[in-house]
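See below for the structure under consideration.
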Amino acid sequence: MENVATHEDWKVCLSEAGPGLVLFARQWVQSLADAEDIVQEAFVRFWRRNHNITNRALLYATVRSIALDRIRGDSRRARREAVVVAESEHSVEPEFHVEDDSQRVLVGALDRLPKDQREVLVMKIWNELTFAEIAAALGISQNTAASRYRYALASLRKILPPQ
Amino acid sequence: MNDFSDLEAQLKTIRPAPLRESFIARVESEIAKPETTVEEPRNVIRPAQFRTRWVIGLGLAAAAAVLLFVRVNFQAPRDSAGTAAASPAPIAKPAPLPEKVLPNSFLPAGSTRVVYHKRDEGLLFAQNREEPMRRLRSMTQETLQWKNPATGASLSVSYPSEQVELVPISAQ
């Protein structure tokens, strides 16, 4: 059967979901190029099969899986990245478009969150996934997803200096 | 009431870094390429196949146990016949009191299945399927035991098995 998706459809979908997906992928890899590779692989595979991104939970599950496979598949690379992480607290390429100091402080606080909390926060805030979608993507219950989100916000509040 | 609404609003003001033009160009060229179908690896066992193979394995183990058991039973009468031939004329003995007779055969005594390693091997994009599947590999040690209540002899067959399950991912 002929592919009914037009040339521009994928561009629209990528421009909408892409920044959030790259941000999501960067939780597992430090370099922007690696995160882009992961998102590219996931997006292209996903698009070829579905020609839409309505099932966002599945798209995020695909990105996560490819990222984890990549880490598992190349342990030497993972070790190198672990060294890089240990050596530098912040990655070289910015993950966010920061406009002022308060946002910079907030981004710094985000980096100090536990991975499982940050993951849910990124999916909820910058990708606008529902708890049901987050739960489906991560293979956890909706209650767990909601709890991690609340814990993440509570942790952020503790980390951030009082205003 | 949500106590974190102010913090959520603050977080939403930060925007993720925009996509690089070079990245979009890479995706475009990748999408433009003809799709190459990935053959499913031959060492992946589908659940239905695994069930069949598991039954075959169990059947073979049971057959081996039966063969051993039959061998034991064949040997027992031969020994008793030899003893009878070498013995002098039987001496009349009083009939023994009826006792609880234990069966002189191997009876199933138990079976265990220990999963000692389970690994999530990530997603698999199989041919002709819209949704990816998660590949779970588990390694188990299965042990079947038989016991002969009459002689106290026991027999156990233990064998490792490896199972690869393909679980379809369903989201919403």
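The values are calculated or read from the model by the stated rules, or taken from the named source; none is laboratory data. The model shown is predicted, which means the values in this text are computed figures rather than measured ones. Every residue, glycine among them, receives a Cβ derived from its backbone with ideal geometry; neighbour counts consider all protein chains shown. The accessibility values were calculated without ligands, DNA or RNA, using every heavy atom of the protein model including side chains. Shrake-Rupley method; radii C 1.70, N 1.55, O 1.52, S 1.80 Å.
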Qualifying helices (runs of 4 or more DSSP H) (wholly inside the stretch A:70-163; at least 2 residues being modelled with pLDDT of 85 or more): A:101-111, A:115-121, A:131-138, A:142-159
Out of the stretch B:151-172, which residues are over 17 Å from the mean Cα position of the chain (by Cα) and modelled with pLDDT under 85? B:Pro168, B:Ile169, B:Ser170, B:Ala171, B:Gln172
Some residue of the stretch A:43-60 being part of a helix (DSSP H, G or I), facing another protein chain (nearest Cβ under 7 Å), surrounded by 23 or more Cβ atoms within 10 Å (Cβ to Cβ) and out of contact with any Ser or Thr (no Cβ under 9 Å at 6 or more places or on another chain): no
Close pairs (9 angstrom Cβ cut-off, 6 or more residues apart or separate chains): within 11 Å of chain A (Cβ to nearest Cβ) in the stretch B:131-146, of a type in the set (Val, Ile, Thr) and open to solvent by less than 40 Å² (accessible area, probe 1.4 Å) anywhere: B:Glu131/B:Ile169; B:Pro132/A:Thr62; B:Pro132/B:Ile169; B:Met133/B:Ile169; B:Arg134/B:Ile169; B:Arg135/B:Val44; B:Arg135/B:Val164
Taking the stretch B:147-172 on its own, how many of its residues are loosely packed, with under 14 Cβ neighbours inside 10 Å and without any contact (Cβ under 8 Å) to a residue 12 or more places away in the chain? 2
Unmet requirement for A:Val22, which otherwise passes all of (1) crowded, with 23+ Cβ neighbours inside 10 Å; (2) touching a residue at least 60 places away in the same chain (Cβ under 8 Å); (3) touching an Asp or Glu at 6+ places or on another chain (Cβ under 8 Å): (2)
Answer yes or no as to whether B:Gln75 is open to solvent by less than 90 Å² (accessible area, probe 1.4 Å) and modelled with pLDDT of 65 or more. no
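Kindly evaluate A:Gln40 against the criterion of being away from chain B (no Cβ under 11 Å) and modelled with pLDDT of 85 or more.
The answer is no for A:Gln40.
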Of the residues in the stretch A:103-136, those that are at the interface with another protein chain (Cβ under 9 Å from one of its Cβ atoms), open to solvent by 20 Å² or more (accessible area, probe 1.4 Å) and either of a type in the set (Asp, Glu) or more than 25 Å from A:Leu58 (Cα to Cα) (or both) come to A:Val107
